[in-house]
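Single-structure report; data block below.
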Amino acid sequence: MGVTGPPGPVMDRDEVDRALARLGAEHKAIEDSLLALQDHAGRRLLEGAELTGATRERWQTTEETITRLWTYFDAYTAAVHGAREVRSRRRWPGREELAELTDRLRGESVHLSDGQQRIPDSVSGPARLSESFTLERLVDRMNELYAASLDVIVTADAVWSALPARIDLLAAELGRTRSLAHSVGVRPGEHPAGDELESITAELTALRSQVVTDPLSFWRPAAGSSAPGGGRPDTVRYDRAALALEDVRREIEAVLAVRQDSEERLLRLRDVLSRADRTLAEARSARGEVLAKIAASEVPAVSGPPTALQERLATAAEYRRHARWHRLSPLLESLEREAEDELMRARESLTAVTAPLAVRAELRGRLDAYKAKVARLGAAEDPLLIERYDAARRMLWSAPCDLRVAEQAVLRYQQAVAEVLSGPGEARGSQW
């Protein structure tokens, strides 16, 4: 490389002294940063870990970069010390010394050969056999490499600080849930929740192994951020496992609740089914009475007792005796719904069967109510009213009773009452 003059105007003594003071402070800051990088907990963890995947590849590159950083720093240190040595020769440096200092401080005075710098294309552009730097450009290059190295270290450390501990806590919760599930009979191959617990266990084991060996694959960079460590750990798989475990835990708690109140629920079920059975028996008895006492009336048939539900109730009791809580839980839920439906159907059946008796009772009540009112108004001895009342009463109190004919008789009595009371004696009619 040929000798050239100093770049730009020659610096004066004050400019040289200010530049050397700035370089001294800058040198101290760079050295502190490199030492902190060397002592960073994340770097020590990366050095001692068995890495895989993207983390292994990036850490190999980062180790080379850190080594290169120290090489650059050594060259930078030598350049600063050399400039200081030139400045220290004389209190009042001459023009020749100022020209040399200007060249050292502002020119491409730092030369690195291929043996000293091997920079990958992805970090600093195409590698060269040798390269010359100004001190300012060398600092910029060190800053670039430092930021890239720190990003890998901080990112891995952030993932390791966040995820393994959370996975371990979730694994402990998983262990407690598995123990609880086993106590209530929820086991793999016998209950879906047991199979789900096995799946969550396998996922957490694989997740922790991958987080420990390849933490960088669990990092989500922040959009638009170029700062080292900008972003956050990717917790999607962890969150999914946590939600799945929460669902299983709620299901196990439901089974536990069944164990605690199953006896009371079984008693309530027996009571509901017993009431349904009694109601159906009452409906069958009422149907016989209706067929005997009411003529020309269609009476619906009454179903038999809920034997199928009784059999399932016996199965539920068997599950309880053998502590098969995971099977008892869904069975009790369906039985409770169906038992209430059965009781409602029994009541509807009783209502439908006894409807003709209700109609007859209503007609009897109406007939007696009219007779009482007629008596209060002084028309009880009217021959027409007596005749029509007796006719209606015979029909309503005879068996079998034809409701259609009886209703017509009651209506004729009502009409006769209206005719008698609308005749002479308006006062009496107005009282009606």
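The values are calculated or read from the model by the stated rules, or taken from the named source; none is laboratory data. All values reported here derive from a predicted model rather than from experimental measurement. Reconstructed Cβ throughout: ideal geometry from the backbone, glycine too, with neighbour counts over all protein chains shown. Just so you know, the surface numbers come from the protein's heavy atoms only, side chains and all, with ligands and any DNA or RNA stripped out. Shrake-Rupley method; radii C 1.70, N 1.55, O 1.52, S 1.80 Å.
Just checking, which of Ala323, Ala254, Ala286 is hydrophobic (A, V, I, L, M, F, W, C), touching a helix residue (DSSP H, G or I) at 6+ places or on another chain (Cβ under 9 Å) and over 30 Å from Leu170 (Cβ atoms)?
Ala286
Got a number for residues in segment 292-316 being at pLDDT 80 or above, in a loop (DSSP other than H, G, I, E, B) and either charged (D, E, K, R) or surrounded by 14 or more Cβ atoms within 10 Å (Cβ to Cβ) (or both)?
Of the residues in segment 292-316, 1 are at pLDDT 80 or above, in a loop (DSSP other than H, G, I, E, B) and either charged (D, E, K, R) or surrounded by 14 or more Cβ atoms within 10 Å (Cβ to Cβ) (or both).
Every residue in segment 391-406 that is in a loop (DSSP other than H, G, I, E, B) and either over 16 Å from Lys371 (Cα atoms) or of a type in the set (D, E, K, R) (or both), please.
Listed by number, the residues that qualify are Ser398, Ala399, Pro400.
Residues of segment 389-417 being more than 16 Å from Ala295 (Cα to Cα) and among the aliphatic types (A, V, I, L, M), which ones?
Ala391, Val410, Leu411, Ala416, Val417
Yes or no: segment 34-53 includes at least one residue that is surrounded by 17 or more Cβ atoms within 10 Å (Cβ to Cβ) and modelled with pLDDT under 85.
Within segment 34-53, not a single residue is surrounded by 17 or more Cβ atoms within 10 Å (Cβ to Cβ) and modelled with pLDDT under 85.
Regarding Leu350, is this residue open to solvent by less than 30 Å² (accessible area, probe 1.4 Å), under 48 Å from the mean Cα position of the chain (by Cα) and hydrophobic (A, V, I, L, M, F, W, C)?
So Leu350 does not fit the description; no.
How many of the residues making up segment 410-426 are at pLDDT 85 or above and in contact with a Leu (Cβ under 8 Å, 6 or more places away or on another chain)?
The total comes to 4.
Exactly one condition in (1) in contact with a His (Cβ under 8 Å, 6 or more places away or on another chain); (2) open to solvent by 70 Å² or more (accessible area, probe 1.4 Å); (3) among the hydroxyl-bearing types (Ser, Thr, Tyr) is false for Thr67; which is it?
(1)
What is the one condition in (1) surrounded by fewer than 17 Cβ atoms within 10 Å (Cβ to Cβ); (2) over 37 Å from the mean Cα position of the chain (by Cα) that Ser334 does not satisfy?
(2)
Any idea which of (1) open to solvent by less than 30 Å² (accessible area, probe 1.4 Å); (2) touching a strand residue (DSSP E or B) at 6+ places or on another chain (Cβ under 8 Å) is the one Ala286 doesn't satisfy?
Answer for Ala286: the failing condition is (2).
How many residues, within segment 172-181, are crowded, with 18+ Cβ neighbours inside 10 Å and not polar (S, T, N, Q)?
The number of residues fulfilling the criteria is 3.
Given the condition under 30 Å from Glu190 (Cβ atoms) and basic (Lys, Arg), answer yes or no: does some residue in segment 332-353 qualify?
Yes - at least one qualifying residue is present in segment 332-353.
Consider Arg404 carefully, then state whether it is under 30 Å from Leu266 (Cβ atoms) and either buried (at least 20 other Cβ atoms within 10 Å of the Cβ) or of a type in the set (D, E, K, R) (or both).
In short, no.
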